[in-house]
Amino acid sequence: MLTAGTSGTDAITVGFAGLTYTGAPVADGAAYEIFSDGPADGFLPDPRATAALSFRRFVHSTEVDVLAGIPPTPSDTPLRVPLTASMSWATAHRMSQQVPGSSPALDAQVRAMRDSVRIARGTRMIKILSPRRVAGYLHGLLPFGFCHREFDIAHLRTPADLAILGTDHVVDPIAPVFALRWRAVGPADYAVPYAGAHDGLISMSPHLRAGAPVLGTGFTPTSRHIVPEFVTADFADLPLPAHAELIAFTADGTEVLLYRYQAEQRAWSRLAGRQWRDLLAAVDGLAPDQEYFPVPASPTRLYGSFGGATYEAVADPRANEFLVLAKVRALRHEVADPFRRTPTVRWRDERCTVIRESDGWLRLRLTRPSPSSVERLGAACVERGVYETWAPGTEAMTDDDLTVPYAL
């Protein structure tokens, strides 16, 4: 039996693939970093000069047995796969990759498996970004479109691993992969891209889409992993909650915290040290030495009431708080009846959310994209599953805003 370990009183011993390793929890216990003193399948050199052992690997918490030590309790529950004599992991994976419709019984099994994955307030969400999107988020983009629970992909930490997630850009196996990470404010902000409600996306031809196709099962197309995916409800923007982060994963699996969102100042602050400047050097529209990025106001906002008046608010899902958005601490009162409001319009008989306004024109995002609506509106696919277009403000008819209340 191979035994691998690191020194330290808080070390955790785990069993994986019939062997015993010393491990360390990552992502609040969603995954484990396990260590070895020699090369083995799936292990990479550990970049830390002080590492007692020279190789490491990341594995999901559901793949290990904790043999000694006190592991953290993950805040999210794992995907439940009903493994039986006729339902192996390989069979479950194959089912997750088949477009629904061929067998009602099979569709029901896949749906039951997918429905076991839930989002609650405080669930850590993650969205893989192309390099060009990093600068966009620093200059005002909000969370939108396809995303995942961090719990489900916490063991995928190298560019080669993360390339499976249906990204709409080519992932270089030696270049860093960027991501946005935030905590969910509520489950109503997210939807599962099931067949039926999202048939338009499923039927998109390759020349109209970017990235991997949408299967309609609620799972990401992958060659070997079973990865649940979500979309923001109606593909709408979500207000950035407090402590959102922009991160990078390097070729050796190291996670680097680049920027953190300071909600009260409505700005991103750089946290990465000088040794990580090269990660951002190749990102267009970004000065790696800039430490502070003010974020302009967006049409989508969070509100709440205090003292009989309505104020713009900020959510801190980690603390389960909704506060008045104010730079002065004394004015950050807790609000009642918090809700998200996203303006919508109808243009050419299609409902769209308003992303921004400019000189009498509206930037619109389709809430239910389909091949016909994309052609009718002249919309472009800006990333996987997301279609946007410009429309004259005088032609767009105001529709009822999307209003999502959050329970306290």
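The values are calculated or read from the model by the stated rules, or taken from the named source; none is laboratory data. Computed from a prediction, not measured in an experiment: that's the story for all the values here. We place every Cβ from the backbone using ideal geometry, glycine too, and count neighbours over all the protein chains shown.
The residues on offer are V110, V99, and the sole one that is more than 24 Å from F151 (Cα to Cα), at pLDDT 90 or above and not assigned by TED's automatic domain parsing to the domain that holds A24 is V99. The C-beta contact set for region 178-189 (first residue under 13 Å from H148 (Cα atoms), second residue acidic (D, E) and assigned to a strand (DSSP E or B), distance under 6 angstrom, 6+ apart or interchain) comprises R181/E245. For region 269-282, a residue qualifies if it is more than 17 Å from P131 (Cα to Cα) and either of a type outside the set (K, R) or modelled with pLDDT of 90 or more (or both), and the qualifying residues are S269, L271, G273, Q275. Taken as a whole, the condition of being charged (D, E, K, R) and under 16 Å from the mean Cα position of the chain (by Cα) does not apply to D252. Taking the listed residues A287, A267, the one that is under 30 Å from D401 (Cβ atoms) and of a type outside the set (F, W, Y) is A267, with no other qualifying. Only residues that are out of contact with any Leu (no Cβ under 7 Å at 6 or more places or on another chain) and of a type outside the set (D, E, K, R) were counted across region 245-262, and they come to 4. Summed over region 93-126, the residues that are in a loop (DSSP other than H, G, I, E, B) and either within 25 Å of R224 (Cβ to Cβ) or of a type in the set (D, E) (or both) give a count of 13. Filtering region 229-258 to residues that are touching an Asp or Glu at 6+ places or on another chain (Cβ under 7 Å) and crowded, with 17+ Cβ neighbours inside 10 Å leaves T232, A233, L238, P241, A242, I247, F249. Mind checking whether some residue in region 120-128 is closer than 15 Å to T77 by Cα, in contact with a Ser or Thr (Cβ under 9 Å, 6 or more places away or on another chain) and surrounded by fewer than 17 Cβ atoms within 10 Å (Cβ to Cβ)? Checking region 120-128: at least one residue is closer than 15 Å to T77 by Cα, in contact with a Ser or Thr (Cβ under 9 Å, 6 or more places away or on another chain) and surrounded by fewer than 17 Cβ atoms within 10 Å (Cβ to Cβ). Residues in region 130-141 that are hydrophobic (A, V, I, L, M, F, W, C) and either in contact with a Cys (Cβ under 6 Å, 6 or more places away or on another chain) or surrounded by fewer than 22 Cβ atoms within 10 Å (Cβ to Cβ) (or both): 2 in all.
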